[in-house]
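The values are calculated or read from the model by the stated rules, or taken from the named source; none is laboratory data. Bear in mind the structure is a predicted one, so any value in this text is a computation, not a measurement. In this analysis, Cβ positions are derived from the backbone assuming ideal geometry, glycine residues included, and neighbour counts consider all displayed protein chains. The area values use the complete protein model at the heavy-atom level, side chains included, leaving out ligands, DNA and RNA. Shrake-Rupley method; radii C 1.70, N 1.55, O 1.52, S 1.80 Å.
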Amino acid sequence: MPHRFFAPLLALFLLLSARADAAEPLSGHAILAGKQIPLPAGEWVLAGRDGSGQFQTAVLIQLDGQQVRAFLIATTNAQPGTAGWGLTHDCSGRDGAFATIDYASSIDGACRFVGRVTTSIGTGTATAWIAATEMARQQGWTMPDRWLMAGVRLTDRRDVVDVRYHFADGNLRSTIAPQSAVAWSAQALSAVQHGLRGQLAAADALPMPQSGTATPVSPSPAQPVSTAAAGEVSWGTSLMKTLSWRAVGTVGDLAVAYLFTGDPVLSGGLAATGAVVNSVLYFGHELAWGYSSEGPPMLEFPGASSSNGASSAAPG
């Protein structure tokens, strides 16, 4: 089949699949690639989905009459990995938006980020979002283009889950306060962690963030990650490990030397010499591993939004 016919047919197929699945509203959580995706309170409609590649993406919409009150875009891996997946650049709090890295290493990590975004369709837009906007158009739903987004990224050796919750920014009767969204993001991350383990019950819906006066998100740089978590060299940790291990090793060296020589003075000299030499070698070995280890890799997914504070999975 010529390539020029493939894209329209794929979009039509995804739209028809989403409309078929959307017949029954969802609440509590949705299932994506076998993982539970927590939903804020209320009924949600599956409006777009893409499971054609290494990752699966879904867009769910919450309505207030004919207006889209909120939507989320979730992405996860279709098959388990073996070496970790990575965080997102949104964890660094670009453009003064709130962001915090809860923990990070070369194979796992978790972070949260909040900011105002504007939805768009262009290069790098998720196919699931294109299908969702088309469904909204056909259903006559009013789709705002300005949103307050609270996102979470969770990754470990096997899986990665990226969920970005979008709440209409001042277009409906209630407006989510940005600082409420910041506090709420911790609840969202905890729910995503439970969902990754399949521990969400049917009634375990996330509460909606509290509404309030629309105020700017206070600039808050990403909280620093400890050197151990980020995979950086920690001299203090390496030194403490050297001393603690050498205390145990020296006792063993002394016992073995005495067993073979029967001379306590000679045994003590051998153990002391070994303690100094081996401590230096062990400390250097620790530092070499520390310098060679990597921090968390970066992995970006196609999304729905362009950045006004924190991007919504724009390729990077």
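Scanning the range 106-124 for residues that are crowded, with 19+ Cβ neighbours inside 10 Å and either among the acidic types (Asp, Glu) or touching a helix residue (DSSP H, G or I) at 6+ places or on another chain (Cβ under 9 Å) (or both) yields Asp108, Gly109, Ala110, Cys111, Arg112, Phe113, Val114, Gly115, Arg116, Thr119. Within the range 74-87, one or more residues are part of a loop (DSSP other than H, G, I, E, B) and surrounded by 24 or more Cβ atoms within 10 Å (Cβ to Cβ). Only a single item in (1) among the hydroxyl-bearing types (Ser, Thr, Tyr); (2) at pLDDT 90 or above; (3) open to solvent by less than 30 Å² (accessible area, probe 1.4 Å) is not met by Thr175, and it is number (2). For beta carbons closer than 7 Å, sequence separation of 6+ or different chains, a first residue in the range 134-161 that is farther than 30 Å from Ile107 by Cβ and a second that is in a helix (DSSP H, G or I), the qualifying pairs are Glu134/Leu15; Met135/Leu15; Met135/Ala18; Met135/Arg19; Met143/Thr133; Met143/Ala136; Leu148/Pro178; Leu148/Ala181.
With respect to the conditions (1) open to solvent by 20 Å² or more (accessible area, probe 1.4 Å); (2) under 20 Å from Val152 (Cα atoms); (3) part of a strand (DSSP E or B), Leu63 falls short on a single one, namely (2).
Taking the conditions exactly as written (under 30 Å from Gly93 (Cα atoms), of a type in the set (Asp, Glu) and either surrounded by 11 or more Cβ atoms within 10 Å (Cβ to Cβ) or modelled with pLDDT under 85 (or both)), does Asp204 satisfy them or not? Here the answer is yes, as Asp204 does meet what is asked.
Residue by residue, here is whether (1) at pLDDT 50 or above; (2) open to solvent by 70 Å² or more (accessible area, probe 1.4 Å); (3) among the aromatic types (Phe, Trp, Tyr) holds:
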site: Arg4; (1), (2), (3): no, yes, no
site: Ala7; (1), (2), (3): no, no, no
site: Ala22; (1), (2), (3): no, no, no
site: Ile37; (1), (2), (3): yes, no, no
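Whenever a residue of the range 239-265 is more than 12 Å from Asn278 (Cβ to Cβ), its partners that are among the charged types (D, E, K, R) and surrounded by fewer than 16 Cβ atoms within 10 Å (Cβ to Cβ), lying with C-beta atoms within less than 9 angstrom and at least six residues away or across chains, give the pairs Ala257/Asp263.
Which one of these is at pLDDT below 95, surrounded by 24 or more Cβ atoms within 10 Å (Cβ to Cβ) and touching a strand residue (DSSP E or B) at 6+ places or on another chain (Cβ under 9 Å): Asp95, Asp145, Asp90? Just a single option satisfies the conditions, and that option is Asp90. Of the numbered conditions (1) more than 26 Å from Gln179 (Cβ to Cβ); (2) under 20 Å from the mean Cα position of the chain (by Cα); (3) not in a loop (DSSP other than H, G, I, E, B), Ala47 satisfies every one except a single condition; which is it? All conditions are met except number (2). Residues that are open to solvent by 20 Å² or more (accessible area, probe 1.4 Å), among the β-branched types (Val, Ile, Thr) and farther than 14 Å from Val182 by Cβ do not occur anywhere in the range 148-167. Just the residues that are in contact with a helix residue (DSSP H, G or I) (Cβ under 6 Å, 6 or more places away or on another chain), open to solvent by 50 Å² or more (accessible area, probe 1.4 Å) and modelled with pLDDT under 80, please, taken from the range 260-282. Within the range 260-282, Tyr282 is the sole residue that qualifies.
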